[in-house]
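Single-structure report; data block below.
What follows is calculated from the coordinates using simple rules that are stated; it is not laboratory data. What you see is a predicted model, and the numbers here were worked out from it, not measured in a lab. Neighbour counts are summed over all protein chains in view; Cβ atoms, including those assigned to glycine, are modelled from backbone coordinates with ideal geometry.
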Amino acid sequence: MDIRNGFVETIGQTPLIRLNALSDETGCEILGKAEFLNPGGSVKDRAALSIIRDAEQRGLLRPGGTVVEGTAGNTGIGLAHICNARGYRCLIVIPDTQSQEKIDLLRLLGAEVKLVPAVPYRDPNNYIKVSARLAQEMDNAIWANQFDNLANRQAHYTTTGPEIWQQTAGKINAWVAAIGTGGTFAGVSLYLKEQNPQIYCVVADPLGSAYFSYVKTGELKSAGSSITEGIGNSRITGNLEQVPLDDALQITDLACVKMVYHLLKKEGLFLGSSTGINVAAAVQLAQQLGAGHTIVTILCDGGARYQSRLFNQTWLQQKGLWPEEFN
Ligand code: PMP
């Protein structure tokens, strides 16, 4: 018998998918870890579970307690699902600029949603700061703190990394992924380097994020902006400390758009914007390294979460991101 015990045991052990058209074209094996198949729909289910388990084990979260986080995206969705499955309250603080779809989904999942003005991190009313304060003021509550809580990267060090190593039987030359909190990139990189220090660990960076400049010049600088969601950052988070960044590739929104449509039409995979950045970077890396290499990346979440924007021709045209060749 092979039965998963509820939501929590359904997280992880995702398939590694060979992207056939891209692999055949480049002569490399381009493999995507299917994190969109997690039960909450994204790679963040692993981090959410790890953060909650760690707090339980430390005695910080007891039955009937509350999980608080400042997030607009997949982490909030993962936390809300696990809170339902484990009987916790979930309180999500979110900037009021975020899409109504996300707010509605979080509420549907039973999370209490507190809207705050979208102000910079240095402002005490910033959503991350508000979530930290609220957690501190409540009894039997934790602040998930995904950016600096190392239980995040630990999830990937103990599960995602080993799964990739086993699924490729150690035949992997490079690993490439974008960074939001850095949990995925860090945990997988640290594990793979321990198995084989030759594995090339490369950041896929959208415009407006500072890691490309950091790797190339040592300075955390960014320029431009991106339509991608959940990735890009401007600081070395706790999760990224002491993590090897062997190289970085900067990927434009146009390349991302072309890639998500390629995945949809040629590979049969309907996936989100961060996946577009990851796979576009994997293809660039394949071209740099030459045929015969195995490159692994993450297929972070599904396309349905981006239907009104990334998969909306009018919206893309307004942004100047509708590729000529699609006409
Ligand atoms: N893709 C998506 C869609 C995400 O929501 C996130 C998390 N913010 C990431 C990628 C990046 O993952 P991590 O936080 O582990 O760097």
Study note, to complete from the structure: Neighbour-count ranking for Asp2, Asp45 (other C-beta within 10 angstrom, fewest to most) reads Asp2, Asp45
Review point. R0 = 41 Å: FRET efficiency of Ile3 with Ser308, Cβ-based, nearest 0.05?
Key: 0.65
**Study point:** Degrees, to the nearest 10: 127-137 long Cα axis against longest axis of the chain
**Key:** 30 degrees
Check your understanding: What is the sum of charges around Ser274, taking Lys and Arg as +1, Asp and Glu as -1, for the other residues whose C-beta is under 14 Å from the C-beta of Ser274?
Key -> -1
Review point. Taking Cα centroids, how far is the stretch 63-91 from the stretch 254-275 in Å?
Key: 30 Å
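Relative contact order (percent) for the chain, with alpha-carbon contacts under 8 angstrom and 6 or more residues of separation?
It comes to 19 percent, rounded to a whole number.
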Point to revise | Zone of Ala21's modelled label, taken as backbone nitrogen in the stretch 236-265 under 20 Å from a point 7 Å along Cα→Cβ | key: 252-265
Point to revise | Selection from Thr75, Tyr211, Leu269 lying farthest towards where the dipole of the chain points positive, charges on Cβ | key: Thr75
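Report the net charge of residues surrounding Gly87, where surrounding means a beta-carbon distance below 13 angstrom and charges are Lys +1, Arg +1, Asp -1, Glu -1.
+2
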Check your understanding: Which residues in the stretch 259-290 place their backbone N less than 14 Å from a point set 7 Å from the Cα of Asp247 along the Cα-to-Cβ direction?
Key -> 281-290
Exercise for review: Can you tell me which of 196-204, 261-269, 150-158 comes out highest on packing, and rank the rest after it, using the mean Cβ neighbours within 10 Å?
Suggested key: 150-158, 196-204, 261-269
Check your understanding: Where the Cα atoms of the stretch 1-63 are projected onto their three principal axes, how long is each span, largest first, in whole Å?
Key -> 52, 28, 15
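Full-extension gain between Asp123 and Ser225, please, as 0.36 nm times their residue separation minus the C-alpha to C-alpha distance.
34.6 nm
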Revision key, fill the gap. Farthest towards the positive end of the dipole of the stretch 96-139, among Ser131, Tyr121, Gly110 and with Cβ unit charges of +1 on Lys and Arg and -1 on Asp and Glu, lies the Cα of Tyr121
Study note, to complete from the structure: For the chain, any Cys whose C-beta has no other cysteine C-beta under 4.7 angstrom counts as unpaired, and these are Cys28, Cys201, Cys256, Cys300
Check your understanding: Which lysines does Lys258 reach when only Cα atoms under 30 Å apart count, and residues fewer than 8 places away in its own chain are ignored?
Key -> Lys33, Lys44, Lys102, Lys171, Lys216, Lys221, Lys266, Lys319
**Study point:** Net dipole in debye of the stretch 43-143 [+1 Lys, Arg Cβ; -1 Asp, Glu Cβ; about Cα centre; nearest 20]
**Key:** 200 debye
Review point. Roughly how big is the chain's charge dipole about its Cα centre, with Cβ charges of +1 (Lys, Arg) and -1 (Asp, Glu), in debye to the nearest 20?
Key: 380 debye
Exercise for review: Can you tell me the FRET efficiency between Gln288 and Thr158 if r is taken as the Cβ-Cβ distance and R0 is 41 Å, rounded to the nearest 0.05?
Suggested key: 0.85
Check your understanding: If you take every DSSP beta bridge whose two residues both sit in the chain, what share of them, in percent to the nearest 5, is antiparallel?
Key -> 15 percent
Exercise for review: Take the Cβ-Cβ distance between Lys319 and Asp96 as r, set R0 to 25 Å, and report the resulting FRET efficiency rounded to the nearest 0.05.
Suggested key: 0.70
Revision key, fill the gap. Env charge @ Gln13, Cβ radius under 14 Å, K,R +1 / D,E -1, value -2
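Suppose we keep just the DSSP beta bridges with both residues in the stretch 43-143; what percent of those would be antiparallel, to 5?
On the way: 0 of 13 bridges.
Roughly 0 percent of the DSSP beta bridges within the stretch 43-143 come out antiparallel.
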Review point. Under a plain spin-label model, where a point goes 7 Å from the Cα along Cα-to-Cβ, how far apart in nm are Arg107 and Asn196?
Key: 5.0 nm
